[in-house]
Amino acid sequence: MNPNSQSTMHHNLPNGPIDYCQICASRELEQIINLGHQPPCDSLLTPEQLKQSENIYPLNLVRCGGCGLVQIDYVVPPEILFHPDYPYRSGITATLASNLQGTGEHLAAKYNLGPGSLAVDIGSNDGTLLKGFRNKGLNVLGVEATNISRIANQDGIETLQAFFSETIAEKIVGKYGQASVVTAANMFAHVPNLGQLLRGVTRLLVDGGTFVTESHYLLDLLETAQYDSIYQEHLKYYALKPLQRLFDDFGFTVVDVDRIPNYGGSIRVYATKGKGLPVSDGLTDLLREEERAGVYDAARYDAFRETVLQSKLDLQALLLKLRREGRPAPGIGCPGRSSTLLNYCNIDPDLMPYIAEQSSSLKLGLYLPGKHIPIVDEQRLFDEQPDYAVMLSWHYAEPIIAKLRERGLRSKIIMPLPRVHVIED
Ligand SMILES: [Zn+2]
């Protein structure tokens with residue numbers, strides 16, 4: 001394969017190191033920050049696995065000098081990242097569930113869709129987003145690679161257990177017809193076979209149909225120093241210009257964009273089949289804002305690196321001090337991103353004796369990869385009332401802290417990002 005060819009073949013990435021841009025194939029990649037070798041963040045370990053060796057992979061963030069895409073330069077095989085027992089379930093985080101369901105309802109209204117139309121969600125997880133479409137009377141179909149598809153099917157959201165591809169798209173069209181809207185919420189930045197995916201979506205959509213994606217937003221990542229949202233599943237960290245370039249390559253126009261709060265700051269991007277279509281004022285405005293914020297300037301990334309380093313040193317210093325005083329701080333919440341944060345900051349069970357998760361979590365009884373911190377029922381927090389605890393789900397801190405306080409937690413809360421600070425009450 002020649003990544004410099006004019007074709008779109010380079011969008012299908014091989015596993016292992018990549019030395020060219022995932023969108024424009026330029027070899028002009030500049031390092032932003034190296035987070036070291038890290039385990040896949042959602043490969044939580046069982047007690048038996050603690051006795052075995054563990055896979056780690058490079059986690060190095062780079063920026064393309066050609067199209068500006070921020071990306072990592074190593075592809076972990078998707079079957080390792082999204083293993084059948086992948087523990088993530090979108091319906092379990094209340095805020096996220098209502099956002100996702102709202103998205104389905106919002107899109108049905110925006111495009112005036114109802115009974116007779118088909119909505120397909122790629123990476124549909126437990127079907128939460130599709131429920132929003134179903135509430136508006138649409139036919140819905142999910143495509144989900146992991147065993148979580150069973151939960152969706154049990155819930156009455158028909159879901160194929162598969163990685164989405166042109167072949168799957170062909171099958172869907174044969175059986176259900178073309179879709180009016182296709183969504184990919186928070187998996188779009190994950191796929192190594194973007195070429196396959198976009199050709200599949202083209203096949204699946206009716207003419208004039210829209211592909212709606214949600215991804216972490218690079219501008220938010222920079223503004224709140226969210227280095228913990230960098231992990232191997234996230235191959236790309238999108239801003240608008242690289243997305244415009246990507247969609248144009250596949251015959252779409254990015255026509256509109258919304259900034260949304262999901263995952264600490266995301267963008268919902270609307271790409272309609274067809275080239276050179278008119279775009280919204282919102283899109284033009286946000287492009288300007290990106291320019292102003294330095295998203296396409298190298299100097300902005302030097303500042304980012306410095307902020308991240310400072311945040312790491314501050315967190316280490318505080319947790320060391322607390323440990324020396326005999327009051328180590330447990331963690332609250334174990335989102336995928338906590339693995340990047342704790343591995344990069346080198347925080348182990350001596351500094352953080354456990355991580356508390358809600359009783360319904362699929363992660364209880366398992367261990368954080370790399371650092372082997374046990375994940376336990378949050379009841380322990382209430383029983384032990386530690387002096388301090390670290391908010392690892394800091395991007396959802398407000399509702400979580402309110403709930404914990406209501407249930408009687410008195411601990412001071414350490415917020416690790418954007419700058420380390422303590423919430424006293
Ligand atoms: Zn590029």
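No lab work stands behind these numbers, since they all come straight from the coordinates. Quick caveat, the model's predicted, so the values are computed rather than measured. Every residue, glycine as well, gets a Cβ built from its backbone with ideal geometry; the counts of neighbours run over all protein chains shown.
Going by neighbour counts of Cβ atoms within 10 Å, the residues Glu48, Glu144 line up, fewest first, as Glu48, Glu144. Only beta bridges with both residues in region 299-423 are counted; by DSSP, about 30 percent of them are antiparallel. Nearest 10 degrees, 0 to 90: what angle lies between the long axis of helix 397-406 and the longest principal axis of the chain (Cα atoms)? Roughly 50 degrees, rounded to the nearest 10.
To the nearest ten degrees, helix 298-324 and the longest principal axis of the Cα atoms of the chain are 30 degrees apart. Annotated for region 90-294: lysine pairs at least 8 residues apart or interchain, Cα distance under 24 Å, count 14. Evaluated at q = 0.07, 0.14 Å⁻¹, a Debye calculation over the C-alpha positions of the chain (equal weights, vacuum) places log10 I(q)/I(0) at -0.33, -1.37.
Neighbour counting of Cβ atoms within 10 Å sorts the residues Thr340, Thr307, fewest neighbours leading, into Thr307, Thr340. Annotation: the residues Leu287, Leu320, sorted from fewest to most other C-beta atoms within 10 Å of their own C-beta, follow the order Leu320, Leu287. The order of the peptides 236-249, 21-34 by mean Cβ neighbours within 10 Å, most packed first, is 236-249, 21-34.
For region 159-215, a/c is not less than 1.5, where a ≥ b ≥ c are the root eigenvalues of the C-alpha gyration tensor, and a/b does not top b/c. That puts it in the oblate class. Taking the C-alpha atoms only, the angle from helix 194-204 to the longest principal axis of the chain is near 50 degrees.
Check cross-link reach from Lys363 to the lysines: straight Cα distance under 19 Å, and skip same-chain residues fewer than eight apart. Answer for Lys363, where 19 Å is the Cα cut-off: Lys51, Lys371, listed by chain and number. Estimated from helices alone, the mean residue ellipticity of the chain at 222 nm is -9500 deg cm²/dmol (sum of -39500 (n - 2.57) over DSSP H runs with n ≥ 4, per residue).
Reducing region 373-395 and region 255-321 to their Cα centroids gives an inter-centroid distance of 30 Å. For the chain, the antiparallel share of DSSP beta bridges with both residues in that region comes to about 55%. If you average the C-alpha positions of region 9-85 and of region 211-225 separately, how far apart do those two centres end up, in angstrom? The two parts, judged by their Cα centres, are 18 Å apart.
Positive contributions from Lys and Arg (+1) and negative ones from Asp and Glu (-1), summed over other residues with Cβ under 10 Å from the Cβ of Leu69, come out at +4. By the Cβ rule of 4.7 Å, the chain holds the following cysteines without a possible disulfide partner: Cys41, Cys334, Cys345.
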